[in-house]
Amino acid sequence: MKIRFNNGIELLCGQKLLLDPMRTVNGIPVLISHAHSDHIPKDVRRSRSRLFTTQGTADIIARRYNANGFEILNFNERRSLGEIDIYPYPAGHIYGSAGFLINCEGKSIFYTGDINPYGGLTVERPAEVPDADVLVIESTYGSSKYRFPNPQRVRLEIAKWAAEEVYKGNSPTIEAYLVGKSQEVIALLNKYTNVEIVVSENIAKVSTPLKERFNLKYSLSSEEPHVLITHRAKSRRKARVTGWVLFSSRREDFPLSAHADFDGLVNIVARSSPSKVLTVYGFSKEFANWLKKWGINAEPLGKEWVEL
Ligand SMILES: [Zn+2]
């Protein structure tokens, strides 16, 4: 079995399998871990390959890209593709997000996709991490300086800030990613405040698959003071909700992330107890170096094939 990072993650085991590729290749099956644009093939709408993903991810992609025809994988249920067995695990990153345990030639590989061990208010379940011989782990925040505060505390800070602004008669703006973070912010404001929430049209569109399941309450306009959630805000006084504002001193910046932070990633490695770790995305070199220092066989996954 061989693996490399070229067009997304390419796996060769009797046949080829693409994980989160940039583009599909005719006849090669594709696994999509979640509905963020950097994990979805650009040609998802006209692809002729078999595309596998969870129902949650398929629903969001259908709303956002008008793409259909996915083969649905259920969490913890086996799907066989020739010699390859695939088991999806909840990743806790955004609604529908999955990691994939892949068994082939007597070896197991777990690809985390983007993963959040702390879970969220709008995911099916917190992340589950199986044992695997090889762990392919995202390292978006794989630098030791990224250690996030308790997410529940950040949620309450966002709720407090928003409620105070609305109480003063303002209509504050919160900037949050279109898929995942926007719905998390709606859910936390619904849960901890009674402020009215207005969202931009594109957020409303992709929120539809989650609306009923998580009982999300929002509208497209309001005459009363309200919180506006949009993925691109012009206002200079906007609040921002993302892990990348961790070192910002602005009062309106809230480091609530959908990813594992450094300690979370280390914890995932420990839970999976692999004999080899391959890092992808973000601080992949730095994270692999940390793991090597601790005696773990780790390297960033690059364009060269790695024999497993
Ligand atoms: Zn993501």
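The chymotrypsin sites (Phe, Trp or Tyr not before Pro) of the stretch 180-257 that meet both conditions, a loop assignment by DSSP and at most 10 other Cβ atoms within 10 Å of the site Cβ, are Phe247. Looking at this model, which pairs from Lys181/Lys292; Lys16/Lys205; Lys145/Lys234; Lys145/Lys292; Lys160/Lys205 are more than 23 angstrom apart at the alpha-carbon? Lys181/Lys292; Lys16/Lys205; Lys145/Lys234; Lys160/Lys205, as the Cα separations exceed 23 Å there. Shape class for the stretch 151-254: rounded, because the ratio a/c of the largest to smallest gyration tensor axis (alpha-carbon atoms, square roots of eigenvalues) is under 1.5.
For the stretch 170-186, 3J(HN,Hα) computed residue by residue from phi via the Karplus equation (6.51, -1.76, 1.60; θ = phi - 60°) reads 8, 10, x, 10, 10, 9, 8, 3, 4, 10, x, 5, 4, 5, 4, 5, 4 Hz, glycine and proline entered as x. For the pair the stretch 14-73 / the stretch 153-220, the C-alpha centres are spaced 29 Å from each other. Site pair Arg78 and Leu156 shows an inter-label distance of 4.6 nm when each label is modelled 7 Å from Cα along Cα→Cβ. Rolling a 1.4 Å probe over the protein chains gives Leu12 an accessible area of about 60 Å². In the chain, the DSSP-assigned H stretches of four residues or longer account for a calculated mean residue ellipticity at 222 nm of -7500 deg cm²/dmol, using -39500 (n - 2.57) per stretch and the full residue count as denominator. Taking Cα atoms only, the orientation of helix 284-293 departs from the longest principal axis of the chain by about 60 degrees.
With all protein chains kept in place, the per residue accessible area of the chain amounts to 45 square angstrom at a probe of 1.4 angstrom.
The values are calculated or read from the model by the stated rules, or taken from the named source; none is laboratory data. Small disclaimer: the values here were computed from a predicted structure and weren't measured. Please note: Cβ atoms are built from the backbone with ideal geometry, for glycine as well, and neighbour counts cover all protein chains shown. All accessible areas refer to the heavy atoms of the entire protein, side chains included, with ligands and DNA or RNA removed. Shrake-Rupley method; radii C 1.70, N 1.55, O 1.52, S 1.80 Å.
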